[in-house]
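> Pasting a structure here, questions to come.
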Amino acid sequence: MALVIIEMEAKTPHDWRANFIQTYGIPTTLVDAPRLQQPRSLSGFVEKAFIEKHVIDVCQNTVATGRPDFSKIDATIRDIRLVCSRLILPDPSGSGRWCIVLAQVHAISHIGRPARFDDTDLSILQLLREGLSAREIGAALKLSPRTIEHRIERMKIRTGIGAIVQLLAAAS
């Protein structure tokens, strides 16, 4: 979970400051979360379109309406998928000096290269999600366990993903 105060007193929204009170602390190798969560102006974030859509526009709207905003974000930034819930609270004075953003990250995953999967691949992915082993999947699909293992490896190669967990996240 991350708790951020967006100071909105600068003349342009990109000059607003983000001050992280509570940072997202779950380790990930996909992004440098500690570096991203350093206090900075919004112009210091590389992903301008993401910041405009999910921070600037929403903060401006919450200040204009004086009402909190609660929503879910499912966005792709470069080759990373971010799924989170966010609550934005406006400055209750109505002066629009700040917003508080509380974000709960549900998933950060690598999306890999787009790939098409046939019905057998999709069946294998579903049964993997359900926790079945290659032997159990093979029995369910009337294929050998070794065939299941080969198909999983081919799916990983096609998507550029090295782990089954990432493959499952990318294929959902």
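> Given a 10 angstrom Cα cut-off, can you work out which residue in Leu36, Leu89, Leu141 is the most mobile in a GNM of the chain?
So, out of Leu36, Leu89, Leu141, the one fluctuating most is Leu141.
> If you add up the charges near Arg97, with Lys and Arg at +1 and Asp and Glu at -1, over every other residue whose beta carbon is less than 11 angstrom from its beta carbon, what do you get? If you can, show how the numbers build up before the last one.
Working: positive: none; negative: Glu7, Glu9, Asp91.
Taking every Cβ under 11 Å from that of Arg97, the sum is -3.
> Just for the Cα atoms in the range 1-103, what are the lengths along the principal axes, largest first, rounded to whole Å?
40, 24, 24
> Moving on to the next point. Give me, ordered by chain and number, the residues 5 or more places off Trp98 or on other chains with an amide H under 5 Å from its own placed amide H.
Here the answer is Met8, Asp91, since their amide H atoms fall under 5 Å of that of Trp98.
> Another one. Taking only the alpha-carbon atoms of the range 34-83, what semi-axes of the equivalent ellipsoid follow from 5 times the gyration tensor eigenvalues under a square root, in whole Å, largest first?
Details: eigenvalues 87, 44, 19 Å².
Semi-axes from the Cα gyration tensor: 21, 15, 10 Å.
> If only Cα atoms are counted, what is the Rg of the range 61-114, and what is its Dmax, in Å?
For the range 61-114, the Cα radius of gyration and maximum Cα-Cα distance read 14.5, 47 Å.
> Considering only Ala2, Ile161, Ala140, whose Cα is most displaced toward the positive end of the charge dipole of the chain, charges sitting on Cβ of Lys, Arg (+1) and Asp, Glu (-1)?
Farthest along the dipole direction, towards plus: Ala140.
> Go ahead and set up a Gaussian network model of the chain, Cα springs under 10 Å, then flag whichever of Ser43, Ser71, Ser144 fluctuates most.
For the chain, modelled as a Gaussian network with Cα springs under 10 Å, the answer is Ser144.
> Can you sort Glu52, Glu9 by solvent-accessible area, 1.4 Å probe, largest first? Don't jump to the answer; show the numbers that get you there.
Numbers: Glu52 75, Glu9 135 Å².
Greatest to least solvent exposure: Glu9, Glu52.
> What are the ³J(HN,Hα) couplings of the range 133-140, residue after residue, when phi is run through the Karplus curve with 6.51, -1.76, 1.60 and θ = phi - 60°? Round to Hz, x for glycine and proline.
Per residue, the Karplus-derived 3J(HN,Hα) values read 7, 4, 5, 5, 5, x, 5, 5 Hz.
> For the chain, what is the charge dipole size about the Cα centre, in debye to the nearest 20, if Lys and Arg each add +1 at the Cβ and Asp and Glu each add -1 at the Cβ? Display every interim value, and only then the final one.
Values: 22 positive and 18 negative charges, 74 e Å.
Dipole magnitude for the chain comes out near 360 debye.
> Can you count the Lys pairs in the chain whose Cα atoms are under 22 Å apart, with each pair 8 or more apart or on different chains? Let's see the in-between values first.
Details: Lys11/Lys48; Lys11/Lys53; Lys48/Lys72; Lys53/Lys72; Lys142/Lys156.
Eligible lysine pairs with Cα atoms under 22 Å apart amount to 5.
> Name the residues whose placed amide hydrogens come within less than 5 Å of the amide hydrogen of Ser41, ignoring near sequence neighbours (fewer than 5 apart) on the same chain.
Amide H neighbours of Ser41, under 5 Å, 5+ apart: Ala18.
> Dipole of the range 1-85, Cα-centred, from +1 at each Lys and Arg C-beta and -1 at each Asp and Glu C-beta, to the nearest 20 debye? Present the calculation step by step, with values, prior to reporting the outcome.
Working: 10 positive and 10 negative charges, 12 e Å.
Taking the Cα centre of the range 1-85 as origin, the dipole is about 60 debye.
> Starting from the Kirkwood Rh over alpha-carbon pairs, what translational D in µm² s⁻¹ does the chain have by Stokes-Einstein at 20 °C and 1.002 mPa s? Before the final figure, lay out the partial values.
Details: Rh = 18.4 Å.
Stokes-Einstein gives a translational diffusion coefficient of 116 µm²/s.
> In deg cm²/dmol, rounded to 500, what helix-only [θ] at 222 nm does the chain give when every DSSP H run of at least 4 residues adds -39500 (n - 2.57) and the total is split over its residues? Spell out each step's value before the answer.
Details: 7 runs with 58 residues, N = 172.
Mean residue ellipticity at 222 nm (helix-derived): -9000 deg cm²/dmol.
> Report the accessible area of Thr23, computed with a 1.4 Å probe over the heavy atoms of all protein chains in place, in Å² rounded to the nearest 10.
Surface accessible to solvent at Thr23 totals approximately 60 Å².
> Oh, and also: Under a Cβ-only charge scheme (Lys and Arg +1, Asp and Glu -1), can you give me the dipole magnitude of the range 69-119 about the Cα centre, in debye to the nearest 20?
Details: 7 positive and 6 negative charges, 33 e Å.
Rounded to the nearest 20 debye, it is 160 debye.
> Tell me which of Leu125, Ser85, Val105 sits at the most positive position along the dipole axis of the chain, charges placed on C-beta atoms (Lys, Arg +1; Asp, Glu -1).
Leu125
The values are calculated or read from the model by the stated rules, or taken from the named source; none is laboratory data. Since the structure is predicted, the reported quantities are computational estimates derived from the model, not experimental observations. Using ideal geometry, Cβ is built from the backbone for each residue, glycine included, and neighbour counts are taken over all protein chains shown. Surface accessibility is based on the protein's heavy atoms, side chains included, excluding ligands, DNA and RNA. Shrake-Rupley method; radii C 1.70, N 1.55, O 1.52, S 1.80 Å.
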